[in-house]
Amino acid sequence: MTFSRAIKIAPSILSADFANFGAECEAIEAQGCDWVHVDVMDGHFVPNLTFGPATCAAIRKHIKGVMDVHLMIAPVDPYIDAFAQAGADVLTAHLEAGPHIHRTLQAIRAHGIKAGLALNPATGLDSLPYLLDMVDLVCVMTVNPGFGGQKFIHSQVDKVRALRAMIGDRPIHIEIDGGVTPETAPLVAAAGADVLVAGSGVFKGGSVANPAPYGANIQAIRAAAEAARQV
Ligand code: DX5
Ligand code: ZN
């Protein structure tokens, strides 16, 4: 993975057909996405359940590019080895998931993969100066984690702008997760985000049998974000 601040679209398979993950991953890559975003939920840290490392390992075979795994679980540390072995390229843990995020990030990087730090909407940037040298990605949640299809929380745009200033020249991605559409993507792209996760915004209107809408949705979000970067 070479570092770039170019806009990357990362469809969340939370909005895909759960009985057809392999084909869904192949379809979104064929339709032009950059990364594949995989949401792991435990019914404890967030009020929803999805799947674990075995599913990640199974879908890895159907993803040519970056597998971006978002852990919404607590505790995190006992499962890091399993998700790294499942083939995650980026493994993201929540700051709120436990008292030892510093150790968690170290443990992720020890596997030679990228370490991500996710922040819930109510979490500030106070800890960031102490973590900037250990993260490869900061994920700003623009919804409360747990479900796809929620409304974008506009107060997070200022957080993205402040985070971008804090990061300076460091090779750290800023990822946005939740409520990303062609209407909201420009706001966060202009504020400095480069990875845009979109679940319902990408998968709406399409299917494995009819994947063209995935491509149109990806392109609409990308075009809106790139245009905002240029002003
Ligand atoms: C929410 C997940 C998101 C979610 C985004 O907890 O982390 O990745 O799938 O879905 P949309 O784009 O529909 O808000
Ligand atoms: Zn996510």
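The values are calculated or read from the model by the stated rules, or taken from the named source; none is laboratory data. Note that the structure is predicted; figures quoted are calculated from it, not measured. Note: ideal-geometry Cβ built from the backbone for every residue, glycine included; neighbour counts use all protein chains shown. Side chains are part of the model used for accessible areas, which takes the heavy atoms of the whole protein and leaves out ligands, DNA and RNA. Shrake-Rupley method; radii C 1.70, N 1.55, O 1.52, S 1.80 Å.
Of all complete DSSP H helices in the chain, those with a Cα span along the helix axis of 18 Å or greater and a mean Kyte-Doolittle hydropathy of -1.0 or more are 212-229. Computed over neighbours whose Cβ is under 11 Å from that of Val208, the net charge equals -3, Lys and Arg +1, Asp and Glu -1.
Between Met1 and Met134, the simple spin-label model (points 7 angstrom out along Cα→Cβ) gives 1.8 nm. When peptides 8-14, 107-113 are ranked by their average number of other Cβ atoms within 10 Å per residue, the highest-first order is 8-14, 107-113. How high is the relative contact order of segment 108-217, given as a whole-number percent (alpha carbon pairs under 8 Å, six or more residues apart)? Value for segment 108-217: 22 percent. With only Cα atoms counted, segment 8-230 has Rg and Dmax values of 16.0, 47 Å.
Before I look further, what does the chain give for accessible area per residue, probe 1.4 Å, in whole square angstrom?
In whole numbers, the chain has 41 Å² accessible per residue.
Our estimate of slack between Asp158 and Glu96, defined as 0.36 nm per intervening residue step minus the Cα-Cα distance, is 20.3 nm. Here the accessible area of segment 8-230 is 54 percent carbon and sulfur, with a 1.4 angstrom probe and all protein chains present.
Extending 7 Å from the Cα toward the beta-carbon at both Arg170 and Ala19 defines two label points whose distance is 4.5 nm.
Close Lys pairs in the chain, defined as Cα atoms under 18 Å apart and 8 or more places apart or on different chains, number 5. Distances between placed amide hydrogens fall under 5 Å for Val38 paired with Asp68, Val69, His70, all partners being 5 or more residues away or on another chain. The value of relative contact order for the chain, using C-alpha pairs under 8 Å at least six residues apart, is 21 percent.
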